[in-house]
Amino acid sequence: MTIRRETIVYDGPDGPFEGVAAYDDEWARQRPGVMIVPNVLGQKEADNEKAEALAALGYVGFACDTYGRGRRTTRESPDPAVYMNELNADRPLLRDRLHASLAAMRALPQVDPERCAAIGFCFGGKSVLDLARSGGDVLGVVSFHGIFDPPPYAATAPIRAKLLICHGWDDPLAPPESVVALAAELTAAEADWQLDAYGHAGHSFTDSSARGERPGFAYDEHADRRSWQAMQDFLQELFV
């Protein structure tokens with residue numbers, strides 16, 4: 001197995017955008033594509049490593065860009081959430097950038113365009129829910145410690161993509177009432193959905209750099225491992 005990374009520059013609303021694809025260079029035929037939507041900080045090395053981990057599972061991983069080329073923040077930035085806030089205030093723009101990113105992944109020669117999925121973390125978890133709500137051409141999505149508030153536009157009904165929501169039960173950004181509201185929303189939209197909730201886990205439970213500086217925001221080894229395994233089982237069911 002030889003995992004190769006490739007930088008992909010692609011167009012979209014207010015673009016250009018820059019993502020990273022990872023795939024096994026020794027595999028000749030097309031394989032399923034899994035798009036990774038980053039957290040609040042935007043596209044970064046941690047997302048590229050997720051793409052490589054997906055490539056090791058036999059997929060093409062594509063760490064996409066929803067902020068725009070060169071628009072990134074770090075935890076030390078004066079306002080780490082500046083680009084996320086722009087898209088939270090314009091959910092139709094977020095939707096359109098997600099669809100443009102998905103189109104870029106589906107166009108990769110290594111990807112089977114009929115077998116695609118998306119996963120997302122934090123703001124990315126919210127984003128992949130919006131991708132499913134808006135009829136994105138994916139078989140399924142996985143939200144890791146996402147935010148659940150619905151967008152201001154009407155969702156596609158029925159929602160065709162299957163959904164796996166991996167949720168830390170003590171997440172202060174997604175309290176129990178928001179989980180119940182999401183369940184009601186997805187049920188009304190006739191979606192095939194499932195929820196894995198992890199006790200004593202909060203927001204950022206997959207982020208090994210989150211050390212609990214803020215209450216409710218910390219890495220959780222058990223939830224991280226269990227949610228990644230749940231994702232693997234979910235993808236295998238989608239694609240196999």
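Restricting to region 65-81, what's the tally of residues that are within 19 Å of residue 17 (Cα to Cα) and open to solvent by 50 Å² or more (accessible area, probe 1.4 Å)?
Counting residues in region 65-81 that are within 19 Å of residue 17 (Cα to Cα) and open to solvent by 50 Å² or more (accessible area, probe 1.4 Å) gives 5.
Report those helices (runs of 4 or more DSSP H) wholly inside region 75-164 carrying at least 2 residues which are more than 23 Å from residue 204 (Cα to Cα). Walk me through it before giving the result.
Details: elements: 82-88, 91-106, 123-133.
In region 75-164, the matching helices (runs of 4 or more DSSP H) lie at 91-106.
Would you be able to tell me the number of residues in region 50-66 that are assigned to a helix (DSSP H, G or I) and more than 14 Å from the chain's Cα centre (by Cα)? Quick ask: steps written out before the conclusion?
Of region 50-66, the ones assigned to a helix (DSSP H, G or I) are 50-56.
Still in the list and also more than 14 Å from the chain's Cα centre (by Cα): 52-53, 55-56.
Counting residues in region 50-66 that are assigned to a helix (DSSP H, G or I) and more than 14 Å from the chain's Cα centre (by Cα) gives 4.
So, residue 32, is that one under 27 Å from residue 162 (Cα atoms) and part of a helix (DSSP H, G or I) or not? Can you show your working first?
Details: under 27 Å from residue 162 (Cα atoms): yes; part of a helix (DSSP H, G or I): no.
Criteria not met by residue 32.
Could you list, in sequence order, all residues of region 192-240 that are hydroxyl-bearing (Ser, Thr, Tyr) and without any contact (Cβ under 8 Å) to a residue 60 or more places away in the chain? Working first, answer last.
Quick first cut of region 192-240, residues hydroxyl-bearing (Ser, Thr, Tyr) only: 198, 204, 206, 208-209, 219, 227.
Correct list: 198, 208, 219.
Suppose we filter region 166-202 for residues that are of a type outside the set (A, V, I, L, M) and either in a helix (DSSP H, G or I) or within 24 Å of residue 134 (Cβ to Cβ) (or both); how many remain?
In the first step, residues of region 166-202 are kept if they are of a type outside the set (A, V, I, L, M); the result is 166-172, 175-178, 185, 187, 190, 192-194, 196, 198-200, 202.
When the remaining residues are screened for being either in a helix (DSSP H, G or I) or within 24 Å of residue 134 (Cβ to Cβ) (or both), the result is 166-167, 171, 176-178, 185, 187, 190, 192-194, 196.
Qualifying residue count for the region: 13.
Do you know which of the residues in region 146-162 that are in contact with a helix residue (DSSP H, G or I) (Cβ under 6 Å, 6 or more places away or on another chain) and within 20 Å of residue 227 (Cα to Cα) is most open to solvent (accessible area, probe 1.4 Å)?
If we take residues in region 146-162 being in contact with a helix residue (DSSP H, G or I) (Cβ under 6 Å, 6 or more places away or on another chain) and within 20 Å of residue 227 (Cα to Cα), then 147 is most open to solvent (accessible area, probe 1.4 Å).
If I ask for residues that are without any contact (Cβ under 8 Å) to a residue 12 or more places away in the chain and farther than 22 Å from residue 238 by Cα, which ones from region 146-187 would you list?
Within region 146-187, 154, 175, 176, 177, 180, 184 qualify.
The values are calculated or read from the model by the stated rules, or taken from the named source; none is laboratory data. No experiment lies behind these values; they were computed from the predicted model shown. Cβ sites come from the backbone with ideal geometry, for glycine too, and all protein chains shown count toward neighbours. Accessible surface areas use protein heavy atoms only, side chains included; no ligands, DNA or RNA. Shrake-Rupley method; radii C 1.70, N 1.55, O 1.52, S 1.80 Å.
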